[in-house]
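Single-structure report; data block below.
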Amino acid sequence: MANATIKYYPVGNGDTSLITLEDKTTIVVDCNIRNCDNDETYDVKKDLLQSLQYSNGIPYVDVFILTHGDQDHCRGFKKHFYQGAPEKYSESDKKEGLIRVDTMWFSPMIAEEHTNDDEDAYQKEAERRLSLHRSKDPKKDNAGNRIKIIGYDGSTDYKDLDHLRAKPGDIVDRFNDRNQVLFSIFIHAPFKEHLEALGDDKKNSTSIVFQARFKKTSYQQDFSTLAMFGGDSDHTSWCIILEKTKKYKNEHALKWDLFLSPHHCSWSFFNDRPQEENPDPKDTSLEVLNYRRNNAKVIASSKKILNDEDNPPHYEAKREYVKKVTDGNFLNTTTYNIVNKIPQPIVFEVTSQGIVKPKHVEGSAKVAGGAGLGIVNTTSKYGNGEV
Amino acid sequence: MEKFSDSLPLFTNDIENPEIQDSLKSLCQLQGDQVKILDWGNSRIAIPIEINIDLPSLGNFDDLDIREKEPVIFVFDLINYPVSAPRVYTDRLDFPKNNLAHLYVAVNNRPPAFCYVRGNADEWYANKRIEDLVIRISNWLRDGATGELTENGEQYEPLRLEGYSGSIIYDYDTLLTVVANKAAFEFGDKFSIVLFERPSNLGRYTYKFVRPITDKNALTTIKEVDEERKKDKEDVTRKKYYYGYVLWSEEDVIRREYEVNIPRSWDEFKLFCEYYHIKYKEFEKFITTYSKINEYIYFPVIIGIRRPSQLIGYSSNVEFINLRFKVTSSDIEQEKIVNNVPIDMLSHNQPLTKKLAGHISGLDKISDSKRNVIFGCGAIGSKMIMHLARSGQTNLTLIDPDYISPHNLVRHTLFGEDVGHNKAEALAEKIEKIYPYENTKIISGTSFKDGLIGQKETFEKYDWVLDFTASEAFFNRLSTLRNIDNNHVVSASISDFGNLGIMYKEGNNRNPRLDDLQVYLFSLAENDLNIRNWLKNEQASAHSNLTVHVGVGCNSETTVLSDHKISSHASYFSGVLQKEMSMMSAEGKIYLNRIIDSKDYRIETQVFNVKPFDMFQAVNNTNWEIRFKQGIVEQLTKEFTIAGKNETGGVFVGVCNYKTKTIHITGSIKAPLDSKGSTTQFVRGQNGLANEISAIEKSSGGQIGYVGEWHTHPDGPNCLSKQDMESVKKHKEECSNLQPPLPVFLSIITPTGIFPYVF
């Protein structure tokens, strides 16, 4: 079996991550799928269609986790993911490559305010599924109708669906109706206090935050890899996470080998913005970073990080991260690996010795060009005529 | 850091091999610098380079000292590159070689080489470039660092050795019983003796396991070996026996390290034994005291060492190191080996087992627990039998009365040495030699004993009954045999001058039966041009117009047919048979393998599914059976209903077989337009009937034609009327004068059913 992998797509300021387990189960965390009409945008959709599994020709993701509803975390959901009754998935849907979300993870709290079409689509699809479960529809447990409620309720009451719920402090090891032995997720947030939070950044502070935990064998005591995902969560959230996790003696849930820097390497993880007015990082945020393990890496899923006014990404935030993990272990999706001007995803494989870059792929002595070649798709002029 | 390459001299000659020049250029590009070209000796150059490795975040597996940059040496064969792939060695003298699998054992004081492909490196490299090899070595080292080098994580990778001087064949599990269960006599503490044989002087040195020496067989074995030694050396029956020695370590001495220095001399051997806590002194005393026990100066020695976990591909943690000693009388003084005698390595080969053969064939699912019987071990039969046997299915009974003649060798799997031998017996002997250490359960004979074939219990122990006799007589016999109702029956043969292979597979409960399938195939000629042409060819070449050559009798030296055509059919039939054996289909099947021997030689296949036939016994003579192709009875019933109170009728086409007392109905022709039916009478007309029958007859090459008639009795009775009997009498007059005569077959259809009569 192939090793589990974690892939961070280069999507500018935004998040799109793909976790692939040894049994090929796939988990997509957020999406920011932009149009690929310029030459320097990585084609996330194409890669997803190559990475996901198919059932009767239908591409599907086992679990979609939307950390929160900001545009840069759900862009393209409406266009690229299938919404509606799974049995109505049509041949033309197949042609368009609409991805079926077998199980969606849905936080009622993040869906309070509607700000964009993609979020609306996510919310609408979640409500469609919830009503199937509520009415005990016989099709409710089919792939494409499954749903998991994360955290607490907002204005709508889903108490009758508590069996579908996972709360902060819970460890989830069942994904898309299958139990996993080597993989689990520890849920940190959103918690109740978020309900009372106010202000413009409410959506950000109510992000789902979780720790993805990988093992290589069922009998190993420690984890092979720990990856932290936190959407756009800010320093106050992390302060509460730290406090609660320690209180319930769950320190293991704070450790990490991979830390997806919240809010695209924003200063908000370290302190309030603007950074100039709050230049000192909070101790709690620094303490979170101290739970890193050997050779841990911080991923900045953002634009190229420059020392300028255009924030996030904050140059100062990067400096704080680099202080903790060294420059070599701070990886920016836009600059990590560029091929033909196009940034490539950051990928790590899970081995029993921790994360490691994937193997280089061998070529062969025989070769033929494909239809996608630039040469093929542009005119080539020859001849000795005058210019 | 001290590197091995520092000890190599610069290569000063010109490199003429353009492929090497090319690859060196690529290496320079990869390294971003010029590379050093050193002399490896033996017409090889050594290129030291540095490989980058991505190491895992939490530290290397077992804290192995693998670094982000590893120096290695690429060694190119100046003459044979790139057909001969580069060898790659570590360039670090302190490389953690003892802790890594997939390294070759070091020789000649050189560092160990990476075993970077599972199979043959030259084959792998045939489709790779030097850049790919660099990637592969980097991935190899990455795997070493992550602990993924052994693909089966829980198990221990056995040593990779090279530079063998010969091979030794024994079953690992059998030898393991000597070590683990004391299955042999211990001549010393953890020291036993096993008898080996060298099958021939040809090829490379090979020792084959015969048996371990136990206290029960010691005397007879010694006697047996002595007797062979007494024989004249030129005697072809003389067997060359060797006593081989097995030494092993204590159970609690477990070594994890890959000992990459296998002893190459007596002195090294002693150190090796001490390291693994193996007591060699009793062994030394034995071979020096009884130095004459072995006739030859070379003899095998097997050392069993214990690994921390089960070895990949084997059943325990004991790894056997196979050595060959060379000891002459001048090496021995006073129960001691006084010279530093040389030691070679032998490669171990597992003898082939049926299970392994099935596994290698990808046919593990097919069970060998029930016996199959095969009639006919000729050209087709012998090839199909070998296909079965080579895939581990040897639970067979082979029957053939014939003996191998020289001309048989053109198309038979057997060889010249078998001329004069019974085909079935010779095949069985060959198959037993494939699995020398197993009971193949194969049985062979010239025939079943008299009468046995018809007895009820004969076939009870069999699953499949396979007919490759190419005998029409046997085909008829098998078709009507009553005691194989619970067996699966297949018959395969060749027709159309060797170009058409036909295989019939009966349906569940023998319906459709072999002869049903044959008739069905003939009936397809009406609509299938290929079948029509084949049957017409057969008719044109036949002397009597009702004999189809269902098989080409290979007994005739004049039969012109190449071995490759037989093989083509046999391989198709075998493929079909293996499929059916692993998952039997319920319906009858006809498989055709057609060779089109025209300008472009082509092969195409066709499969027909055949539904069960409807069966009736003749009302007046129960010896005769009437078998209808599916659909005909329904058609008759429909016509009966449409005609209502009026009688109606028609004509049957098919074939009648006196040998099997069967009339096969393949079609029914509706009453011609000039027929007249009333409530009491049916006059079957004739307009166009002759043309219609002639067309059917022609298309089937005379295999199918008129066989009888039917009419209805809407109000009964269920028997023939007086009028009917008169027609029968009239028909009988004509039919009995035919050559061959045709029985008169008349069926009546009444509200209660179909009532066939045969006169």
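The values are calculated or read from the model by the stated rules, or taken from the named source; none is laboratory data. Model, not experiment: these values are computed from the prediction. Glycine gets a Cβ as well: all are built from the backbone with ideal geometry, and neighbour counts include every protein chain shown. Only protein heavy atoms, including side chains, enter the accessible area calculation; ligands, DNA and RNA are left aside. Shrake-Rupley method; radii C 1.70, N 1.55, O 1.52, S 1.80 Å.
Things worth noting here:
- The sum of -39500 (n - 2.57) across all DSSP H runs of n ≥ 4, divided by the residue count of chain B, sets its helix-only mean residue ellipticity at 222 nm to -8000 deg cm²/dmol.
- Residues B:D563 and B:A695, FRET efficiency given R0 of 35 Å [Cβ-Cβ distance, rounded to 0.05]: 0.35
- Each other residue within a Cβ distance under 10 Å of B:Y403 adds +1 if Lys or Arg and -1 if Asp or Glu, for a net charge of -3.
- Looking at the protein assembly as shown, the accessible area is 47 square angstrom per residue; that uses a 1.4 Å probe and ignores ligands, DNA and RNA.
- Backbone N within segment B:107-138 under 15 Å of label point (7 Å from A:V367 Cα along the Cβ vector): B:127-135
- Taking the convex hull of the alpha carbon positions in segment B:618-759 and averaging its projected area over all directions gives 8.2 nm².
- Cβ-derived FRET efficiency at R0 30 Å, A:E127 paired with A:D173, nearest 0.05: 0.65
- Shielded by partner chains, segment B:51-89 residues - at least 50 Å² of accessible area, 1.4 Å probe, vs chain alone: B:D54, B:S57, B:L58
- log10 of Debye I(q)/I(0), alpha-carbon scatterers only, for the protein assembly as shown at 0.05, 0.08, 0.09 Å⁻¹: -0.59, -1.11, -1.17
- Greater than 20 Å apart at Cα, pairs in B:K423/B:K449; B:K433/B:K461; B:K230/B:K336; A:K45/A:K341; B:K355/B:K505: B:K433/B:K461; B:K230/B:K336; B:K355/B:K505
- Number of partner chain Cβ atoms within 10 Å, mean per residue of B:120-130: 2
- On Cα atoms only, tilt of B:514-523 relative to the major axis of chain B in degrees: 70
- Considering only alpha-carbon pairs that sit under 8 angstrom and 6 or more positions apart, the relative contact order computed for chain A is 15 percent.
- Orientation-averaged projection of chain A equals 23.6 nm² [convex hull of Cα atoms, one quarter of hull surface area].
- Model label points for B:V683 and B:Y296, set 7 angstrom from Cα along the Cα-to-Cβ axis, are 9.6 nm apart.
- Accessible-area composition of segment A:240-359, carbon plus sulfur, in percent [1.4 Å probe]: 44
- Label point distance in nm, B:E734-A:Y336, each placed 7 Å from Cα along Cα→Cβ: 9.1
- Percent accessible area from carbon and sulfur atoms, segment B:4-146, protein chains only, probe 1.4 Å: 42
- The A:A85 and A:S218 beta-carbon pair, evaluated with R₀ = 41 Å, returns a calculated FRET efficiency of approximately 0.65.
- B:H359 paired with A:S135, simple spin-label distance in nm, labels 7 Å along Cα-to-beta-carbon: 5.6
- Cut-off 14 Å, label 7 Å out along Cα→Cβ of A:K324, residues of segment A:224-242 by amide N: A:227-231, A:233-242
- The accessible area of A:D157, taken with all protein chains in place and a 1.4 Å probe, comes to roughly 80 Å².
- Remark: the B:D22-B:N340 segment gains 109.9 nm on full extension, using 0.36 nm per residue and subtracting the alpha carbon distance.
- Cα centroid separation - segment B:654-717 against segment B:379-403, whole Å: 44
- Here is the interface size for A with B: some 2000 Å² of accessible area buried, both sides summed, with a 1.4 Å probe.
- Chain B - percent relative contact order, Cα under 8 Å, separation 6 or more: 7
- Area accessible to solvent at A:S55, 1.4 Å probe radius, in Å²: 40
- Segment B:555-683 - percent of accessible surface contributed by carbon and sulfur, probe 1.4 Å: 52
- With contributions of -39500 (n - 2.57) from each DSSP H run of at least four residues, the per-residue ellipticity at 222 nm computed over chain A stands at -5500 deg cm²/dmol.
- Between the helical axis of B:266-275 and the longest alpha-carbon principal axis of chain B there is an angle of about 80 degrees.
- Mean Cα-pair separation over length for segment A:1-125, i.e. relative contact order, pairs under 8 Å, 6 or more apart, %: 23
- Set B:K611/B:K722; B:K579/B:K611; B:K182/B:K326 screened for pairs whose C-alpha atoms are more than 25 Å apart: B:K611/B:K722; B:K182/B:K326
- Part-to-part distance (alpha-carbon centres) for segment A:244-263 and segment A:6-85, which is given in Å: 25
- Quotient of the Cα radius of gyration of segment B:4-146 and 2.2 N^0.38 Å, N being its number of residues: 1.02.
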